[in-house]
Amino acid sequence: MKRFGPTVKPILSHEEALIFEKSKPGRLGYSLPPLDVPEVQPQDLGVASEQVRTDGALFPEASENELVRHFTRLSQKNCAIDLELYPLGSCTMKYNPKINEELASSFGFGDLHPFWPLNRLQPALAIQYQIQELLKILTGLGAVSLQPSAGAHGEYVGIKVMRAYHRSKGQDEKKTKVLIPESAHGTNPATCSMVGYEIVSIPTNEKGIVELQDVFDLIDDSTAGIMMTNPNTLGLFETQLPQIAKRLHEVDGLFYMDGANFNALLGISFPGDLGVDLMHINLHKTFSTPHGGGGPGAGAVAVRQDLEKFLPSPLVGKTDSEYFWKENEASIGRVGGYFGNFSIQVRALAYLLSIGNDPKTKSPIFRRISEAAVLNANYIRARLKDYYRIPFDTICMHEVLLSDELQKSQKLSTQDIAKRLMDYGYHPMTVYFPLVVSGAMLIEPTESESKESIDRFCEAMISIARECQENPKLVSTAPHSCFRTRPDELLAQKKPKLRWLSEESLH
């Protein structure tokens, strides 16, 4: 296992300089013929003089090969799922098959327009219809909307559907609160607050899940529903969903399941069978697609059959001869374009269809995804349990939760461990989340990692645990192999530098 010791901070080299610092006046990365049209002045276009800049735009000037080399070197400094295991917990940074990318960019999919005649949209609608049907099978629910553009957007749509349901029954003013466990995703309370609900928190017990009696004590006639992440952010399965759903339904409340962690349940547990009424699914997490950087995403929403009429319009319907747009009678309204993020849907379908079929039933074996993801996470848990504290040392789902408690005796923290992991060539795991565990480190290997790649990661974590005991200063001053070591992260948030200024402009 490669290790790095403390080093002197390197002098800024040409390779590490900004493209602005490499810029030389007069250098060009292109060659264009002279303009053969008259130059137009801003005032000729009706632009007011005070809106016209008097100085030139500050663009770097570099040759084409310098530009290519610069950005190629930057890309080589990145951590990426194509290079090594990417352990971010709760983010499902799985490998993205390249055939998915090829399919999403082919067959004219990039040129689709919702106002094309219906006969030209048939292949695209067929894809959406097939995804809707597969998601109905996987969730055990009766209808699906593909419009939402992200997971949080899907949450918003789901809770809007909840509100529309209560409003249709004349009890909107009566149903004022939504119950949310402490172990839910942070977007859950934000979503409910946006829709106008009061948020009631449910504590987590010593096993890392909600206590049934605690939930029952909070349910009353003012309860609009519950919003539960399952598996929760501790990586644990909430075992008492059917009992909670039954009690909720007695007061006409709805059970919303945050399906962002659906990667652990595919083909094994069907939310609709457990009493779930509606949920969203992060297609860009559960079914591959490049993840991170703010998008693109797709937060499909699935609901029980009687809630279909509230879903955003249009949905995709099918007759014996064609596919068509279907409007909903009591829709909450459109929340995105007709197709949603269509390229993400194509990738998701390609991933689903690539899983393979059960030779007996001839149907897709979706559970292969979750079985591998859960096995991989528990393998990590077993390998690291003697080196890091496991707050809830029981069978986990698709991600494993560690804490820094064993390292605190050396005055080391989760941040130190995460920084040191960078010296081993890994992007750090999710740190200090979930908030209910002090010094949390959340790791998700996903189903796409081999035993060999997981062993390499575990060996790095074990090596760091030993360093914490034998050479704590090495860990507390990490990383040692990165040009930027320990920036002031709080200052970077409060006073970020978003533009480059030359030395001359600073004086």
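Hey, for a label at Asp273 modelled as a point 7 Å past Cα toward Cβ, could you say which residues of the stretch 365-400 have their backbone N under 20 Å away?
365-375, 397-398
Quick one: net charge of Gly151's neighbours, Cβ under 14 Å, K/R +1, D/E -1?
Combined, the nearby Lys, Arg, Asp and Glu give -1.
Can you give the net charge of the other residues whose Cβ lies under 11 Å from the Cβ of Arg167, counting K and R as +1 and D and E as -1?
Residues near Arg167 contribute +3 overall.
What is the spread of the Cα atoms of the stretch 257-407 along each of their three principal axes, largest first, in whole Å?
Principal axes ranked by extent give 60, 38, 33 Å for the Cα atoms.
When N counts the residues of the stretch 352-403, how does its alpha-carbon radius of gyration compare numerically with 2.2 N^0.38 Å, as a ratio?
For the stretch 352-403, the normalised Cα radius of gyration is 1.51.
Hey, can you grab everything whose amide H is under 5 Å from the amide H of Glu211? Only 5+ residues off in sequence or another chain; H modelled, so Pro and N-termini drop out.
Hits under the 5 Å cutoff: Asn205.
Suppose a student asked you for the relative contact order of the stretch 162-302, using Cα pairs under 8 Å spaced at least 6 residues apart; what percent would you report?
Numbers: 235 pairs, mean separation 27.0, N = 141.
19 percent.
Non-local amide H neighbours of Arg389 (under 5 Å, H modeled in plane, Pro and chain starts lacking H): which ones?
Ser403, Glu405, Leu406
Treating only the Cβ of Lys, Arg, Asp and Glu as charged (+1, +1, -1, -1), what charge dipole size does the chain show about its Cα centre? Round to the nearest 20 debye.
With only Lys, Arg, Asp and Glu charged at Cβ, the dipole is about 720 debye.
Just name one of Leu375, Thr394, Gln407: the one whose Cα is farthest towards the positive end of the charge dipole of the stretch 363-417 (beta-carbon charges, Lys/Arg +1, Asp/Glu -1).
Of the listed residues, the answer is Leu375.
Have a look at the stretch 284-340 and give its Rg and Dmax from the Cα atoms, expressed in angstrom.
According to the Cα coordinates of the stretch 284-340, Rg and Dmax are 13.8, 42 Å.
Which log10 I(q)/I(0) values, to two decimals, does the stretch 367-476 give at q = 0.20 Å⁻¹ under the Debye formula with one point per Cα?
Treating every Cα as an identical point scatterer, log10 I(q)/I(0) equals -1.04.
With a ≥ b ≥ c the root eigenvalues of the C-alpha gyration tensor of the stretch 381-428, is it rounded (a/c under 1.5), prolate (a/b larger than b/c) or oblate? Can you show the working numbers first?
Details: a/c = 2.38, a/b = 1.31, b/c = 1.82.
Verdict is oblate for the stretch 381-428.
Give the distance, in whole Å, between the Cα centre of the stretch 351-426 and the Cα centre of the stretch 227-265.
That distance is 21 Å.
Looking at the chain, send over the antiparallel percent of its DSSP beta bridges, to the nearest 5.
Working: 22 of 39 bridges.
In the chain, approximately 55 percent of DSSP beta bridges are antiparallel ones.
Stokes-Einstein D for the stretch 49-204 at 10 °C, 1.306 mPa s, Kirkwood Rh over Cα pairs, in µm²/s?
It comes out at roughly 73 µm²/s.
What list of ³J(HN,Hα) couplings, whole Hz, do you get for the stretch 331-336 from phi and the Karplus terms 6.51, -1.76, 1.60, once you set θ to phi - 60° and write x for glycine and proline?
These are the phi-based 3J(HN,Hα) values: 4, 6, x, 5, 10, x Hz.
For the stretch 72-88, take each phi angle, set θ = phi - 60°, evaluate the Karplus expression 6.51 cos²θ - 1.76 cosθ + 1.60, and give the result in whole Hz per residue in order, putting x for glycine and proline.
Each residue's phi maps through the Karplus curve to give 5, 4, 4, 5, 6, 7, 7, 7, 8, 5, 6, 9, 6, 3, 10, x, 3 Hz.
From Cα pairs below 8 angstrom and at least 6 apart in sequence, can you work out the relative contact order of the chain, rounded to a whole percent?
18
Contact order normalised by length for the stretch 101-353, with contacts defined as Cα pairs under 8 Å and 6 or more residues apart; what percent is it? Spell out each step's value before the answer.
On the way: 490 pairs, mean separation 69.7, N = 253.
Worked out over the stretch 101-353, it gives 28 percent.
In whole Å, largest first, what are the principal axis extents of the Cα atoms in the chain?
The principal-axis extents, from largest down, are 72, 71, 52 Å.
With both partners inside the stretch 101-353, how many of the DSSP beta bridges are antiparallel, as a percent to the nearest 5? All intermediate terms of the calculation are to be shown ahead of the outcome.
On the way: 13 of 30 bridges.
So the antiparallel bridges amount to about 45 percent of the total.
Between Ala48 and Thr485, what is the label-point separation in nm under the 7 Å Cα-to-beta-carbon projection?
5.2
In the stretch 315-375, what is the volume of the convex hull around the alpha carbon atoms, normalised per residue and reported in Å³?
Spelled out: Cα convex hull of the stretch 315-375, divided by residues, is 173 Å³.
Calculate log10 I(q)/I(0) of the stretch 101-353 for q = 0.11, 0.17 Å⁻¹, where I(q) comes from the Debye formula with a single equal point scatterer on each Cα and nothing for solvent.
Summing over Cα pairs of the stretch 101-353 leads to -0.56, -1.27.
If you add up the charges near Val215, with Lys and Arg at +1 and Asp and Glu at -1, over every other residue whose beta carbon is less than 11 angstrom from its beta carbon, what do you get?
In short, -3.
Every read-out reported here was derived from the displayed coordinates using simple, explicitly stated rules and does not represent laboratory data. Note that the structure is predicted; figures quoted are calculated from it, not measured. Please note: Cβ atoms are built from the backbone with ideal geometry, for glycine as well, and neighbour counts cover all protein chains shown.
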